[in-house]
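What follows is a set of notes on a single structure, which appears directly below.
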Amino acid sequence: MPFLLALPYLLIEALTFWAVASWIGVGWALLALFGAMILGAALTGVEMRRVGRLAAAKRLSPGRVAGDYGLLTAGGILSGIPGFATSVLGLLLILPPTRALVRAGLAAKLKSMVEDLGVRSFEATSAYRPRTEYGTFGGFGAGGDGTGASGAGPERPDSVVIDEDEIRDWTRDVRPENFGGGEDGDRK
């Protein structure tokens, strides 16, 4: 599998070197190749120091600093690998205007991936969440802990059944004085 990934890379680098060598000559192409590598390493160092100074002056957010350092590291590695295609790609990650575009694109992609992960995680975990049956709301007819996890039905052992006739008889004889004491409303 790594060979299948390396094959297109080697083919692209060989074709770009052949194109540059046929345009300016092999010697100049080799010189340009080493010059691009040295330029990439030097620009990486300069940009890392600049980002560090801006971070120390608190003019950049920590997220932007982390993103810039990551892109600068990737750009430095790519520009250090021999090859015109990787050097150009590395220089694009090192230069501030193109780095800002890449950072914005990667941030949008990362945000989308994190949101997708959150939705998939919620859907996966809610599949294992205890469910309540229709008509149960946590206490009556639920499990011992009130979550419905035990799968108990709507019947509850040792439950008190209140009959409609009992309620009617009780409310017929109830008086406001039964709920408070005396004239000032104090309880007895």
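Since every read-out is calculated from the coordinates, none of them should be taken as a lab result. Worth saying up front: this structure is predicted, and the values here are computed from it rather than measured. Backbone-built Cβ (ideal geometry, glycine too); neighbour counts: all protein chains shown.
Tabulated values for the structure
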| read-out | value |
| --- | --- |
| Length added when fully stretched, Trp28-Ala6, from 0.36 nm per residue minus Cα-Cα | 5.3 nm |
| Descending semi-axes in whole angstrom, ellipsoid equivalent of region 8-110, from the Cα gyration tensor | 30, 15, 9 |
| Stretchable slack from Ile38 to Lys58, in nm (0.36 nm times residue separation minus alpha-carbon distance) | 4.2 nm |
| Peptide ranges 85-97, 111-123, 57-69, 33-45 listed from the most packed, as the mean C-beta count within 10 angstrom indicates | 85-97, 33-45, 57-69, 111-123 |
| Calculated FRET efficiency for the pair Phe122/Arg168, C-beta based, R₀ 41 Å, to 0.05 | 0.25 |
| Cα shape, region 57-119, gyration tensor, a/c 1.5 rule | oblate |
